[in-house]
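Below you'll find the structure, written out as structure tokens, and then a few comments.
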């Protein structure tokens, strides 16, 4: 019987793990399908308190995990596949094994937002990517498009300029919703162009099994 199980190992899950471990609850942190969360895909984090020069996303997650474990949290690779929350103790299935707990924190975070196109689904890994830091190298000297107008999109676009010949940001509105500092960085980068009031309707070419 566990006092507490935490599903998710991003900043929210690990922070909960630190506090729970300090309260001697001996929490079990289940890392999920994306260990460390989306922050592990982020190059530079500039808005985390206490780091005036910023720090790398994976480094921040690594430090948070070490802190949680130092206080007694247990970290386990795996994914929760089912849960019975109808009565206590809660029963959580983690990769086929059942764990019981008195309390449960769900901190499963966010996942990449897709366009919802059939061609997009079929071309993931063949030119369609949701992670610039993972796949940027493969777009060396190519023309690349980034869809979106928020901070994540600007960060991805800026990172891709290290590899791509040109990066076009496609946004459905006539202005960005990213923070001012991220907008300024994107507008100042000569490799980044903007296509306003536009929405992708199709991605070519599924027949060739690559984005053309």
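Between residue 184 and residue 142, what's the calculated FRET efficiency when r is the beta-carbon distance and R0 is 25 Å? Round to 0.05. Each step should come with its number before you reach the end.
Details: r = 26 Å, r/R0 = 1.03.
My answer for the efficiency is 0.45.
Please report the relative contact order for the stretch 2-106, taking Cα pairs under 8 Å with a sequence separation of at least 6, and give it as a percent rounded to a whole number.
Details: 213 pairs, mean separation 34.2, N = 105.
Result for the stretch 2-106 is 33 percent.
Take every DSSP beta bridge whose two residues both sit in the chain, then give the antiparallel share in percent to the nearest 5. Before the final figure, lay out the partial values.
Numbers: 11 of 32 bridges.
Of the beta bridges lying entirely in the chain, close to 35 percent run antiparallel.
Under Stokes-Einstein, with the Kirkwood radius over Cα pairs standing in for Rh, what whole-number D in µm²/s applies to the chain at 20 °C and 1.002 mPa s? Working shown, then result.
Details: Rh = 19.3 Å.
Rounded to a whole number, D works out at 111 µm²/s.
Output the relative contact order of the stretch 118-208, whole-number percent, from Cα pairs under 8 angstrom with separation of 6+ residues. Display every interim value, and only then the final one.
Working: 139 pairs, mean separation 27.4, N = 91.
Dividing the mean separation by the residue count of the stretch 118-208 yields 30 percent.
Compute the Cα gyration tensor for the stretch 118-208, then decide on rounded, prolate or oblate, letting a ≥ b ≥ c be the square roots of its eigenvalues: rounded whenever a/c is under 1.5, prolate when a/b is larger than b/c in the other cases, and oblate in all that remain. If you can, show how the numbers build up before the last one.
Details: a/c = 2.00, a/b = 1.36, b/c = 1.47.
The shape class here is oblate.
Relative to the first principal axis of the alpha-carbon coordinates of the chain, what is the inclination of helix 57-70, with its axis defined by its Cα atoms, in degrees from 0 to 90 and to the nearest 10?
Helix 57-70 sits roughly 0 degrees off the main axis of the chain.
Could you work out the relative contact order of the chain? I mean the mean sequence separation of Cα pairs under 8 Å and 6+ apart, divided by the number of residues, in percent. Provide the component values of the computation, followed by the final result.
Details: 400 pairs, mean separation 37.1, N = 212.
This gives 18 percent for the chain.
What spacing in nm lies between the two simple spin-label points modelled at residue 26 and residue 174, each 7 Å away from Cα in the Cβ direction?
Modelled inter-label distance: 6.2 nm.
For the stretch 2-106, compute Rg over Rh where Rg is the Cα radius of gyration and Rh is the Kirkwood radius from the inverse mean 1/r over Cα pairs.
Numbers: Rg = 14.4 Å, Rh = 14.1 Å.
My calculation of the ratio gives 1.02.
Kindly identify the stretch 1-40 as rounded, prolate or oblate by the Cα gyration tensor criterion: order the square roots of the eigenvalues as a ≥ b ≥ c, call it rounded if a/c is under 1.5, otherwise compare a/b with b/c, prolate if a/b is larger, else oblate. Provide the component values of the computation, followed by the final result.
Values: a/c = 4.03, a/b = 1.72, b/c = 2.34.
Since a/c reaches 1.5 but b/c is at least a/b, the shape of the stretch 1-40 is classed as oblate.
Could you work out how far the C-alpha centroid of the stretch 148-164 sits from that of the stretch 92-145, in angstrom?
Comparing the Cα centres of the stretch 148-164 and the stretch 92-145, I get a distance of 17 Å.
Return the percentage of antiparallel bridges among DSSP beta bridges fully within the stretch 2-106, rounded to the nearest 5 %. Write out the running numbers ahead of the final one.
On the way: 11 of 22 bridges.
Counting DSSP beta bridges with both partners in the stretch 2-106, the antiparallel share is about 50 percent.
Each reported figure results from applying straightforward, stated rules to the coordinates on display, with no laboratory input. Given the structure is predicted, the values throughout are model-derived calculations rather than measurements. Positions of Cβ are generated from backbone atoms using ideal geometry, with glycine treated the same way; all protein chains shown enter the neighbour counts.
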